[in-house]
């Protein structure tokens, strides 16, 4: 089987060239062709000898993904992509327009095994991890197809990023490398449902990204009902990991809180959240629930704004996430399910 050359970081690619009897600097040349010029065939690498191009073609492949469906919002320029991978699986990404630039929400897995009750991505089950190249290609293809520059990236699409830890780390290394996209990781947000051991692993890299924690409840009983991961890592363990992450990295954490009417939107819930996060260097992102046909979860607009007011009165930095692409069901997981099932 040919090796996925687009998934190698610079160090790995240079080492790979030495393994096949080439000079180390060839790796740098090839890396630029892949990630700056973004060629799809080795034949287009004009400053590489024909013998090396043949060797590359015999031993490696340049991965690709294909846009099979594209939805464009008439409300706010949000674009939702459904991609087909080389093995026939499908993933989604969403391109969103903000005042500060264009943000792309990408997938990190085909499906998800975390089982969060309010999430569409988990309903169809987990199939496999995405390769670094398949994460990169969501960025490259969105820029090519839309003609828009991706200024920031959110790892919050289909899948749990920290469950695909090694591939996600390599993606971050490649997307931020100076020869290529060269995106500062301060413009990357990674969302996790709370894999505590991996939060500590991520902290060691000191990437400078924003870590977003999907919290969604302030008691173990309630959180375990809607997020099965809480049965493995309870709230106390999760909050300790977050505090340690802040201490190690110096970075503020964002807490995601989907406000579900009749489940977690009471004054008692707000008081519990204030008590839980008081004194932490953090921001609370309140999320109106995306309605999906398999679940009865809903958000109440008045309760949502009352919840925000309560948090602000309690001294927490909090905002309500702006809803984009409402006319195209822009929440990840919905388009894939409609297409495949």
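The values are calculated or read from the model by the stated rules, or taken from the named source; none is laboratory data. Quick caveat, the model's predicted, so the values are computed rather than measured. Note that we place each Cβ from the backbone using ideal geometry, even for glycine, and neighbour counts take in every protein chain shown.
The set of residues in the stretch 156-166 that are buried (at least 19 other Cβ atoms within 10 Å of the Cβ), under 15 Å from residue 198 (Cα atoms) and touching a helix residue (DSSP H, G or I) at 6+ places or on another chain (Cβ under 8 Å) comprises 161, 162, 163.
Return yes when residue 134 is crowded, with 17+ Cβ neighbours inside 10 Å and part of a strand (DSSP E or B) and no when it is not. Against the criterion (crowded, with 17+ Cβ neighbours inside 10 Å and part of a strand (DSSP E or B)), residue 134 does not qualify. Within the stretch 55-78, the residues that satisfy the criterion of being more than 22 Å from the chain's Cα centre (by Cα) and within 30 Å of residue 20 (Cα to Cα) are 55, 56, 57, 58, 59, 60, 61, 62. The criterion of at least 2 residues that are closer than 23 Å to residue 160 by Cα is met, among helices (runs of 4 or more DSSP H) falling completely within the stretch 215-327, by 220-226, 235-249.
For residue 279, state whether it is surrounded by fewer than 18 Cβ atoms within 10 Å (Cβ to Cβ), under 19 Å from residue 264 (Cα atoms) and modelled with pLDDT of 90 or more. In short, no. Run residue 204 past the list (1) surrounded by fewer than 20 Cβ atoms within 10 Å (Cβ to Cβ); (2) within 24 Å of residue 289 (Cα to Cα); (3) more than 18 Å from the chain's Cα centre (by Cα) and report the number of the one that doesn't hold. Going through (1) surrounded by fewer than 20 Cβ atoms within 10 Å (Cβ to Cβ); (2) within 24 Å of residue 289 (Cα to Cα); (3) more than 18 Å from the chain's Cα centre (by Cα) one by one, residue 204 breaks only (2). Residues in the stretch 177-201 that are crowded, with 18+ Cβ neighbours inside 10 Å, more than 15 Å from the chain's Cα centre (by Cα) and assigned to a loop (DSSP other than H, G, I, E, B): 2 in all.
This table checks each residue for (1) under 18 Å from residue 180 (Cα atoms); (2) assigned by TED's automatic domain parsing to the domain that holds residue 182; (3) within 21 Å of the chain's Cα centre (by Cα).
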residue: 11; (1), (2), (3): yes, no, no
residue: 16; (1), (2), (3): no, no, no
residue: 21; (1), (2), (3): no, no, no
residue: 41; (1), (2), (3): yes, no, no
residue: 50; (1), (2), (3): no, no, no
residue: 86; (1), (2), (3): no, yes, yes
residue: 96; (1), (2), (3): no, yes, yes
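Residue-level check: of (1) modelled with pLDDT of 95 or more; (2) farther than 19 Å from residue 185 by Cβ, residue 126 misses just (1).
One line per residue, one yes/no per condition, for (1) modelled with pLDDT of 95 or more; (2) farther than 30 Å from residue 26 by Cβ; (3) within 14 Å of the chain's Cα centre (by Cα):
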position: 80; (1), (2), (3): yes, yes, no
position: 102; (1), (2), (3): yes, yes, no
position: 107; (1), (2), (3): yes, yes, yes
position: 118; (1), (2), (3): no, yes, no
position: 136; (1), (2), (3): yes, no, yes
position: 139; (1), (2), (3): yes, no, yes
position: 159; (1), (2), (3): yes, yes, yes
position: 175; (1), (2), (3): yes, no, yes
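Tell me which residues, restricted to the stretch 193-209, are farther than 21 Å from residue 274 by Cα and touching a strand residue (DSSP E or B) at 6+ places or on another chain (Cβ under 8 Å).
Hits for the stretch 193-209 are 198, 199, 202, 207, 209.
Residue count for the stretch 84-101 satisfying the condition of being under 20 Å from residue 212 (Cα atoms) and in contact with a helix residue (DSSP H, G or I) (Cβ under 8 Å, 6 or more places away or on another chain): 3. Any idea how many residues of the stretch 137-158 are assigned to a loop (DSSP other than H, G, I, E, B) and either more than 27 Å from residue 69 (Cα to Cα) or without any contact (Cβ under 8 Å) to a residue 60 or more places away in the chain (or both)? Within the stretch 137-158, residues that are assigned to a loop (DSSP other than H, G, I, E, B) and either more than 27 Å from residue 69 (Cα to Cα) or without any contact (Cβ under 8 Å) to a residue 60 or more places away in the chain (or both) number 3.
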